[in-house]
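Working notes, beginning with the structure itself.
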Amino acid sequence: MSAAAVIGLGYRVGGATLLDGVDLSVAGGEFLSVIGPNGAGKTTLVQLLSGELVPTSGRVEIGGRDIAKMNLAELALLRAVLPQHHVLRFAFRCLDVVMMGRYPHGGSEADARAAADRVMTETDTAPLADRLYPTLSGGEQARVSFARVLAQETPLVLLDEPTGRLDLRHQELVMGTLRGLADRGVAVVAVLHDINLAARFVDRLVILDGGLVRAVGTPEAVLRPDVLASVYGIDVQVITHPEAGCPLILPIGGGRIG
Amino acid sequence: MWRIPVVVLFGGLVMGLIGATGLALGMGAVEISPAQVFAILLDHLGVDTATGFSSTQDAVLWSIRLPRVMLGIAVGGALGVAGAAFQGIFRNPLADSHLIGISSGAALGTVVSILVFGGVLGSFAGPAGGIVGGLGAGVTVYLLARHEGRTEVVTLVLAGLAVAAITGAGASFLSVAADDARLGSVLFYSLGSLAVATWDLLWVTLPFVAVAVVLLPVAARRLDLLLLGEREAAHLGVDVERTRMAVVALATAAVGASVAAVGAIGFVGLLVPHGVRLVAGPGHRVLLPASAIGGAALLVLTDVVARTVALPFEVPIGLLTAIIGGPVFLLLLGRTRREHGGWG
């Protein structure tokens, strides 16, 4: 059974169609990445999957159940969400922020503390534990928020650009952590902009463009020059990564208009 | 990063409140020693003591100072806890019931209610009108500041300013035009005074404050999560709309009843929670009760100053809270800018 599935999913707002007839599913243990140009509908897809937006057509199922029939507390035990932007401006310690991820489980303070310590070690955020969140850099805030999402320990994890503001080492660390989650049976869905980064870690890629799914499959199957040229409007060469063996995209033509 | 232990914080605040209460009961035109204070209180409980006191001292303490101090504790607690709650729910450390128009709305509601329903509702006309007026102002400001699912900080403060100006002017105009003895002076609603305190006034105010002080901490964890962002809180299972409605209703009821009783006293709801956050962090499980105790201590202490600094005259208490609160507010703005670039 799939961990999450969207069936005929569509979202319209103010006369614009942001997502149209999307069918997708992700299984437990699978790392799926959503890529595509700006405005393709990637964030909208994550927001619909998380239940934050209500679809104007179709439905979202998590664990085989329509999320429209679930309450927020149930959903919080099934899926965790890392949004693109972080708005916390109050001076919580990072440890407190990560412990907030344990709220849906309702356990004791000690349980929350233990889980937070575990994920902060795993995500290399333990040295930040006593720092005040608003005083961190953007990238550090993103990493602490990532740790908070992991602390929620849900069978489905949704992330909107988890590597967007991270340095090279922490991009690798986050992707490696997500790969590890998937290997332990968690379903991971991440919106990513760095196609080459995605190609090295994920099981399947979904290319969205103009609210439609343009391609789904393994990186090898999806990352073809013709597909990328039509979606991104640039010419690319696809070679094989000398170490990882996965596809590696090299842009060779400048951006075209029209 | 330095933070004081929770036990020390609460110990200090409770001792501060006890100290302020002792000062307030003993100080004034009629001096009453601490021993006499105890003797009079015990006498009213039917316990005789060796300490002597005059019947004037007894009357001053039991009928004037004690209800006044108790009302100060109730109102200060209400302003402190409500300030902390508003700041949490609006995710804005500057959201004080004064600043976002709720106090002035409550003043207008109180005046209208006393004039229109005074005969029917009796002494509950004030608190009822205060709560309705406060809610009306709060909801108006909130809806004006909402945009695409976010609460805009600048719009919130500006809308609050406008609503406060309009409702404050309305309350002042009505109290002048109606010339009704039940309303008190024009200055009363804009600056506040605890001089009106009686046992009856305490009993109609206290229930609304007590409900807020007891129930708001139930939402403490949810308020913490709301500070992460409304989306993030919802992702963690918090029903954001329900929490917001409950918290705003409880905090507004406490502020509305307080304004109806003693007028609109500013800055307590801003200063106290900010001070607590500075030494103990923003977590609401500590912040809400600590702000209630701290607000009570601050208001009782300020009231002692208000009624003794210029004997035999009384300085309006709202004037004193503004004198302290204004500069601290400016420091708060400066600090916020230094730390994370201000509030845009």
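General observations
- Each 5 Å bin from 0 upward holds the following percent of the Cα-Cα pairs of the range B:44-180: 2, 10, 14, 16, 14, 13, 9, 7, 5, 4, 3, 1, 0, 0.
- Relative contact order %, chain B, counting alpha carbon pairs below 8 Å whose residues are six or more apart: 29 percent
- Karplus (6.51, -1.76, 1.60) ³J(HN,Hα), θ = phi - 60°, over the range A:6-14, in Hz, Gly and Pro reported as x: 10, 10, x, 6, x, 9, 10, 8, x
- Fewest-first sequence of A:Cys94, A:Cys246 by Cβ atoms within 10 Å of each Cβ: A:Cys246, A:Cys94
- Across all Cα pairs in chain B, the calculated P(r) in 10 Å bins from zero up to the longest distance comes to 6, 26, 34, 23, 9, 2, 0 percent per bin.
- Normalised contact order of the range B:1-121, rounded percent, pairs of Cα under 8 Å and 6 or more residues apart: 14 percent
- Among B:Leu121, B:Leu156, B:Leu271, the residue with the largest mean-square fluctuation in a Gaussian network model of chain B, with springs joining Cα atoms closer than 10 Å, is B:Leu121.
- Along principal axes, Cα extents of the range A:35-77, largest first, whole Å: 33, 21, 16
- If you look at the Cα atoms of chain A, you get an Rg and a Dmax of 18.5, 58 Å.
- Percentage, to the nearest whole number, of Cα pairs in the range B:1-105 over 17 Å apart: 66 percent
- DSSP beta bridge pairing in chain A, given as percent antiparallel to the nearest 5: 60 percent
- Just checking the listed ones, A:Ala244, A:Ala198, A:Ala114: in the Gaussian network model of chain A with Cα springs under 10 Å, the one fluctuating most is A:Ala244.
- The range A:132-258: antiparallel DSSP beta bridges as a percent of all, rounded to 5: 65 percent
- Ellipsoid equivalent to the range B:206-337 - semi-axes via the Cα gyration tensor, in Å: 30, 18, 12
- For A:Ala3, the residues 5 or more places off, or on other chains, whose built amide H falls under 5 Å of its own are A:Val26, A:Ala27, A:Gly28.
- Chain B: DSSP helices with Cα axial extent of at least 18 Å and average Kyte-Doolittle hydropathy no lower than 1.6: B:6-26, B:102-121, B:153-178, B:199-215
- Hydrodynamic analysis of the range A:1-116 uses the Kirkwood radius over alpha carbon pairs. Inserted into Stokes-Einstein at 25 °C and 0.890 mPa s, it gives a translational diffusion coefficient of 153 µm²/s.
- Kirkwood estimate for the protein assembly as shown, i.e. one over the average of 1/r between Cα atoms, Å: 26.9 Å
- Our note on the geometry: Cα centres of the range B:1-68 and the range B:291-333, 19 Å apart.
- Of A:Phe90, A:Phe31, A:Phe146, the residue with the greatest mean-square motion in the GNM of chain A, using alpha carbon springs below 10 Å, is A:Phe90.
- Value of Rg to Rh for the range A:170-258, rounded to two decimals, is 0.98; Kirkwood radius and Rg both from alpha-carbon coordinates.
- Across the range A:157-258, the relative contact order, built from alpha-carbon pairs under 8 Å that are at least six residues apart, equals 19 percent.
- Applying the Kirkwood pairwise sum to the alpha-carbon positions of the range A:92-224 produces a hydrodynamic radius of 15.7 angstrom.
Read-outs throughout are calculated quantities, based only on the coordinates presented, and are distinct from any laboratory measurement. Treat the numbers as computed from the prediction; the structure is a model and nothing was measured. Glycine also receives a Cβ, built like all others from the backbone with ideal geometry; neighbour counts cover every protein chain displayed.
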